[in-house]
1. Is the shape of segment B:18-108 best called rounded, prolate or oblate, per the rule: a/c under 1.5 gives rounded, else a/b larger than b/c gives prolate, else oblate, with a ≥ b ≥ c the square roots of the Cα gyration tensor eigenvalues?
2. Report residue A:93's accessible area, 1.4 Å probe, all protein chains in place, as a number in Å² to the nearest 10.
3. How much accessible area is lost when chains A and B come together, counting both sides, with a 1.4 Å probe, in Å² rounded to the nearest 100?
4. Just read off the accessible area of residue B:73 with the full protein assembly in place, 1.4 Å probe, to the nearest 10 Å².
5. Within 10 Å of each Cβ in peptide B:123-131, how many partner chain Cβ atoms are there on average? Round it to a whole number, please.
6. Compute the label zone of residue A:171 within segment A:127-155: residues whose backbone N is under 18 Å from the point 7 Å along Cα-to-Cβ.
7. Take the Cβ-Cβ distance between residue A:316 and residue A:114 as r, set R0 to 45 Å, and report the resulting FRET efficiency rounded to the nearest 0.05.
8. Quick one: net charge around residue A:222, please, counting Lys, Arg +1 and Asp, Glu -1 for every other residue with C-beta under 9 Å from its C-beta.
Amino acid sequence: MAEEIDDIDYTDNLFMRLLQCTLCGQNNRFNYEGFSYKILQTIEEGIYGRVYRCRHSATGDIVAIKQIKFDDEKIGVPSSVVREVSLLRALQHVNIVSLLKVLTKETYVNLVFEPLDQDLSHYIRDNRGVQDPSIRKSFLRQILVGVAYCHAHKILHRDLKPKNIWIDNSRMIIKIADFGLAREFGGDMLLTRYPPNRYYRAPEVFLHCQHYSSGIDLWSVGCIFGEMVIGRPILGDTCDELDAIFRMLGTPSEENWPGITQFPLFGSYAIYNPMDLSTVFSGLEPEGLELLKMLLCLDPKRRISAETALKHAYFKD
Amino acid sequence: RVRKRPTKSKPVTESNNNTSDPQLCAPYISDIYEYLRKMEVDPSKRPLADYVQKVQSDMNANMRGVLVDWLVEVAEEYNLVSDTLFFSVSYIDRFLSRNALSRQNLQLLGVSSMLLASKYEEIKPPEVENFCYITDNTYNKEEVVEMEADILKTLNFELGGPTVKTFLRHTSNLQFEFLCYYLAELSLL
């Protein structure tokens, strides 16, 4: 891994080195020390840049290249890239996308990943959820294994959603990707208020709890699990997600979430009774429903951890 | 001069209500410490103890001390958390263990390391120009950004990992905790 960095002669001046390291040339090719990656397909286009499917000119290896453009070269490498790359360097696991190479240039960086086929959001859209119970179970188990691995390595993903979860089609292996919002936890830092994507955002984040922790990732996993069952985001179309969460799960009280009334924002929410989740998520096995409820536990302190979730009866067989 | 008070720190009293760190979730604590220990002893992530003699030709240990001392002030000026300071010093030592640097560029290495550490750790890292300004514009933005790329390559983008600060957490005695912070910062010099 990362051989290109060691191959570089540090006595050259930096600019020449960067040029040698990556030359993005014409004809849809990424040149790299004489070799290049031929772009086969654009897999995804986002605000940060693009993800391409490429083939290496010499080895024929298929890879995915995420090209991230910098707004302004004078700010250097954006902090999302600094975090994504350094965190992925620390994470090597079958359920986490593996970063093969980093090719830097002045105004963008190319992250070379193992090949990715499709993301879970496409899979859910094309198949109206993950209807096969054994595939659904396998996907959830792999997501939890990946998340447990991150948490054991002191890393919060903070942006888990079907779009950031990739599937290796041939072997049906889940790969968690996109660590641009991830960070180490446990430091002095109060964490920023607004990750991740609103549909998958945990209630404590909506309530501006700054000491949130690994529970926010588990909440997102719960949302993804539910989405695999019903084929669409569990909260549906709403402009007030927290209200929608309370409508589904019932408005919490001091009884099931000690300390909830201390949040200044909490007072403005209506009191709802919980819905019958077995009708909302009809088609889910009883053990699965029980696990889903533990993932979508409103109080982050009582929410199940990834480690414990993997020992749940749902995964017994 | 090392500061008499520890750098900005999490509201200690609040986290002391329970003995564990609110952000370190209980099921993973032993896994996390095992992992941190493994990272800590990994030779590829450690600076050489004697790089000043072995690798450097133009600088000495005193100059390193002056640089670290100055970075403490920079961290204070821009309200950086202490993890950022500890990371900066770690990047500097790891960089200097692998590359000989002229004394003219030592301060540049210092600010670029702190820029990177801020990008890794802070919610709102200071801008590149803040780091130029604090050197009295001795270096321009291009130089700071070039050095940043240099550090990233030397460190192979491995910016995480434990510092002394990582292990300074669970105490129930404020005085003792502050003493630990003070000693930890002294140990940077």
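The values are calculated or read from the model by the stated rules, or taken from the named source; none is laboratory data. All values reported here derive from a predicted model rather than from experimental measurement. Please note: Cβ atoms are built from the backbone with ideal geometry, for glycine as well, and neighbour counts cover all protein chains shown. Surface areas here come from the heavy atoms of the whole protein model, side chains and all, with no ligands, DNA or RNA. Shrake-Rupley method; radii C 1.70, N 1.55, O 1.52, S 1.80 Å.
1. Oblate, since a/c reaches 1.5 and b/c is not below a/b.
2. Accessible surface of residue A:93 is approximately 50 Å².
3. Working: alone 15450 and 10990 Å², together 22360 Å².
Buried surface at the A/B interface: approximately 4100 Å².
4. Near enough 90 Å² of accessible area.
5. Values: counts 7, 2, 3, 0, 2, 4, 2, 0, 1.
Averaged over the peptide's residues, the number is 2.
6. Residues A:135, A:138-147, A:149 qualify, since their backbone N sits under 18 Å from the label point.
7. 0.90
8. Surrounding charge for residue A:222 is +2.
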